[in-house]
1. Name the pairs whose Cβ atoms lie under 8 Å apart, with the first residue in the range 48-77 and at negative phi and of a type in the set (A, V, I, L, M, F, W, C), the second assigned to a loop (DSSP other than H, G, I, E, B) and at pLDDT below 95, and 6 or more positions between them or separate chains?
2. For residues that are within 13 Å of the chain's Cα centre (by Cα) and β-branched (Val, Ile, Thr), scanning just the range 57-95, find the one that is farthest from GLY26 (Cα to Cα).
3. For GLU111, only one of the following conditions fails: (1) surrounded by fewer than 20 Cβ atoms within 10 Å (Cβ to Cβ); (2) at pLDDT 85 or above. What is its number?
4. Are there any pairs with C-beta distances below 7 angstrom linking a residue in the range 145-158 that is under 20 Å from ILE76 (Cα atoms) to a residue that is not in a helix (DSSP H, G or I), with the two at least 6 apart or on different chains, and if so which?
5. Only residues that are surrounded by fewer than 19 Cβ atoms within 10 Å (Cβ to Cβ) and small (Gly, Ala, Ser): list them for the range 29-41, please.
6. Residues being among the polar types (S, T, N, Q) and either on the phi > 0 side of the Ramachandran plot or touching a Ser or Thr at 6+ places or on another chain (Cβ under 6 Å) (or both): count how many of those fall in the range 1-34.
7. Just name the residue that is farthest from VAL166 (Cα to Cα) out of those in the range 1-21 that are in contact with a Gly (Cβ under 9 Å, 6 or more places away or on another chain) and part of a helix (DSSP H, G or I).
8. Pairs, please: C-beta under 6 Å, at least 6 apart or cross-chain, first residue under 18 Å from PHE11 (Cα atoms) and in the range 125-138, second at pLDDT below 85?
Amino acid sequence: MQDSLTNWQDFIKAYIGIISILNPIGIIPVFLGATEKYTKSQQRKTVHITTLTIGITLLVSAWVGQYLLWFFGVGIPAFRVGGGILILLMAISMLQARQSMARQTPDEAEEVLDREAIGVVPLGIPLMCGPGSITLSIVLADKYRGAENLMMLSLMMVLVSLTVLVIYRFAINMGRRLGKTELNIATRIMGLVLAAMAIEFIASGARVLFPGLANGLH
């Protein structure tokens, strides 16, 4: 049976994968710290900018990403393996309840409070919508091909952005009452889901790159 995002199971699976790699819950402490001196109105504006940045980045990645790979002569199977390894490394960091260096370096973190448009950089890019989520968007666009699937994928990206919006509006209202333990638990669960998806991407790419290996496993 061909994979299709019109199948609600595939749709939910892809949706959970994108949400997991964005890890909006795990970024809440960074958001609250970066907007600590903001008014509620300014915090809400930052949330709106962040979610808009995420939505645009994911949509552009899904629609244009594969053409960029073809331009640079990078095959999708190789990209799946490389991207899967990157996502797996990020998942391992999430399982340890710490921020992956692929998202943000310590030097970049020090600049957070010095930026006016923190909703775009670094909250939108690269903290949530970084190399991992861009990679996942491109891989999903390749896996679920066709105009109908691409439209469903685009709809899913919009739903993801709206989910992030709801989570962060909730975070503003909850403020510091959100416990670090609860946030870490949620991050670890997302990391586990992400690790499973990463292994699947690596395996699917390796089967194409090394057909002899796939035949040897039968």
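The values are calculated or read from the model by the stated rules, or taken from the named source; none is laboratory data. Only a predicted model underlies this, so the values are computations on that prediction, with no experimental measurement involved. As a convention, Cβ positions derive from the backbone with ideal geometry for all residues, glycine included, and neighbour counts pool all protein chains shown.
1. ILE49/ALA117; ILE54/CYS129; LEU58/CYS129; LEU69/GLY75
2. Result: THR57.
3. Going through the list (1) surrounded by fewer than 20 Cβ atoms within 10 Å (Cβ to Cβ); (2) at pLDDT 85 or above, GLU111 breaks only (2).
4. Qualifying pairs under 7 Å: ASN149/SER4; ASN149/LEU5; LEU153/LEU5; LEU153/TYR144.
5. Step one: list which residues in the range 29-41 are surrounded by fewer than 19 Cβ atoms within 10 Å (Cβ to Cβ), which gives 29, 32-33, 36-41.
Correct list: GLY33, SER41.
6. To start, the set of residues in the range 1-34 that are among the polar types (S, T, N, Q) comprises 2, 4, 6-7, 9, 20, 23.
Of the ones still in play, those that are also either on the phi > 0 side of the Ramachandran plot or touching a Ser or Thr at 6+ places or on another chain (Cβ under 6 Å) (or both) are 23.
Count: 1.
7. Among those that are in contact with a Gly (Cβ under 9 Å, 6 or more places away or on another chain) and part of a helix (DSSP H, G or I), it is ILE21.
8. THR135/GLY83
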